[in-house]
Amino acid sequence: MSQKKVDYYKEQKSNRRNIIKKEKRMQMIERIVGTIIGLVLVVWVGFSVYNKVTQAPEPEAGEKIETTINIDSISDYLNSLNAEEAAE
């Protein structure tokens, strides 16, 4: 082996504990980040599905929408106002 390789090997051997600690730390960080990203994706997909399920269906093109409104109470109120004005 060349002297350069021997020096590199000795350096690696003397710092092996620190190198192993650093590698373990990086693996733990990668797992945590991966878990967080996975959870975010699951929550996002769940939220999207929930919105799709609870959303009112949109009418198709050309389909008429019919809405009925009961205005009896408004008519009664206006009639009572007109009766008060006529009495004065």
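The values are calculated or read from the model by the stated rules, or taken from the named source; none is laboratory data. Values in this document were obtained by computation on a predicted structure and should not be read as measured data. Neighbour counts run over all protein chains shown; Cβ positions are idealised from the backbone, glycine included.
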- Note on the structure: In region 22-68, anything surrounded by fewer than 10 Cβ atoms within 10 Å (Cβ to Cβ) and hydrophobic (A, V, I, L, M, F, W, C) is listed as Val53, Ala56, Ala61, Ile65
- Yes/no for Ile65 being out of contact with any His (no Cβ under 9 Å at 6 or more places or on another chain), among the hydrophobic types (A, V, I, L, M, F, W, C) and modelled with pLDDT of 90 or more: no
- Query: Looking at (1) at positive phi; (2) in a helix (DSSP H, G or I); (3) not polar (S, T, N, Q), can you tell me which one Gly62 breaks?
  - Reply: (2)
- Message: Of everything in region 1-21, what is outside any helix (DSSP H, G or I) and surrounded by 10 or more Cβ atoms within 10 Å (Cβ to Cβ)? Give them in sequence order.
- Response: Asn15
